[in-house]
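Quick notes on the structure that follows.
The values are calculated or read from the model by the stated rules, or taken from the named source; none is laboratory data. Please read these numbers as outputs of a predicted model, since none were measured by experiment. Glycine gets a Cβ as well: all are built from the backbone with ideal geometry, and neighbour counts include every protein chain shown.
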Amino acid sequence: MNYRHQFHAGNFADVVKHYLLLRVLHALQRKDKGLLYLDTHAGRGTYDLARAAHGDTLERQPEWPAGIGRLWSAPNLPAGLQDYIGLVRTYDRQQGNLEAAPRFYPGSPRLVSGLLRPQDRMALCERQPDECQALRAALGRTPRCLIREEDGYQALRALLPPPERRALVLIDPPYESQREFDDIVNAVEAGLRRLPGGTFLIWYPLTLRARVDEFFDRLQTLELPPTAVAELAVAGEDSALKLRGCGLVVLNPPWQLADEITPVLGLLAGLLAQGTGADGSWRWLVPER
Ligand SMILES: C[S@@+](CC[C@H](N)C(=O)[O-])C[C@H]1O[C@@H](n2cnc3c(N)ncnc32)[C@H](O)[C@@H]1O
């Protein structure tokens, strides 16, 4: 396993994922009842963007300038995007950055940890030992936070259903394995069996359209609850970019999320474009009943 999120932290894909994650969490927290946040592929929780330019042996082009860098000082953003940028800014300052440009970027566990209510819990899974060690250093003292160095797909089976009977599950794998889509479909099937009303967010890369459509087809062989796809392409299909976009499949999206998210995806397509044909869209795989 070679994947290190460090090199990608704060890129356009993180922006879309983290913005959407926070909106979904916010919507679920409108109800008082507590919930479990389960991050099956948690990463190290905190990233130093200054280190993203250095690989093990090679200099790399950092990805964050075309992601969080584009939004950092953008004026007149909608309230939900401002909330997300505000959290990143606060974290960056807390970590000691005094410069105008961002330096420290919070991963999904860190973003969520600051928003947990006393009745909420979080469980974070990270299989890579050194990444998990860093995660423990970053979040090990967070109240009601369980950190597990193990396969997130197995943990999902062990941790669902939670006693709260409410959960937000983020499945955010690195897609290094040929089996990743199979593993996701199997895990979603197991997850829905255990908690049919759970909200699942599955991040996917937009590389080949056909590959992504095949993934959706396979998901649709399951008995899905209302399910939507929020997608952002930073360039059109003829782009030479290796990663020309990404998306999140949202199972059981909170009520009215679509109304809020759809215009913001369009706005993000403009802000994060890397070529012609950038586009943001929300569509239903299984419509709300
Ligand atoms: C895309 S990163 C996660 C980023 C994080 N969710 C965020 O948004 O800040 C994927 C992580 O999953 C870890 N990983 C890979 N396979 C895993 C598995 N089967 N179970 C748990 N973690 C895994 C990798 O080591 C990597 O740190």
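Worth a mention:
- Filtered by the rule that a residue be within 23 Å of Tyr3 (Cβ to Cβ), modelled with pLDDT of 95 or more and of a type outside the set (S, T, N, Q), segment 176-198 gives Glu180, Phe181, Asp182, Asp183, Ile184, Val185, Ala187, Val188, Gly191.
- Taken together, the residues in segment 151-200 that are within 10 Å of the ligand (Cβ to nearest atom) and assigned to a strand (DSSP E or B) amount to 2.
- The lone exception for Trp203 - which of (1) crowded, with 18+ Cβ neighbours inside 10 Å; (2) farther than 14 Å from Val250 by Cα; (3) of a type outside the set (Ser, Thr, Tyr); (4) touching a Cys at 6+ places or on another chain (Cβ under 7 Å) it fails: (2)
- Within the span defined as segment 79-90, every residue fails to be over 23 Å from Phe12 (Cβ atoms), at pLDDT 95 or above and touching a strand residue (DSSP E or B) at 6+ places or on another chain (Cβ under 8 Å).
- Annotation: of all residues in segment 87-134 being of a type in the set (Lys, Arg) and within 17 Å of Leu38 (Cβ to Cβ), the one that is surrounded by the most Cβ atoms within 10 Å (Cβ to Cβ) is Arg110.
- When Ala138 is tested against the conditions (1) over 25 Å from Glu237 (Cβ atoms); (2) modelled with pLDDT under 95, the lone failure is (2).
Every residue, every condition in (1) aromatic (Phe, Trp, Tyr); (2) crowded, with 18+ Cβ neighbours inside 10 Å; (3) under 22 Å from Gly96 (Cα atoms), yes or no:
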site: Asn2; (1), (2), (3): no, no, no
site: Ala13; (1), (2), (3): no, yes, no
site: Arg23; (1), (2), (3): no, yes, no
site: Leu28; (1), (2), (3): no, yes, no
site: Lys33; (1), (2), (3): no, no, no
site: Asp39; (1), (2), (3): no, yes, no
site: Leu49; (1), (2), (3): no, yes, yes
site: Ala52; (1), (2), (3): no, yes, yes
site: Gln61; (1), (2), (3): no, no, no
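- Selection of segment 132-150 for residues being assigned to a loop (DSSP other than H, G, I, E, B) and within 22 Å of Ala190 (Cβ to Cβ) yields Glu149, Glu150.
- Tallying residues that are outside any loop (DSSP other than H, G, I, E, B), touching a helix residue (DSSP H, G or I) at 6+ places or on another chain (Cβ under 9 Å), surrounded by fewer than 22 Cβ atoms within 10 Å (Cβ to Cβ) and not β-branched (Val, Ile, Thr) within segment 229-260 yields 3.
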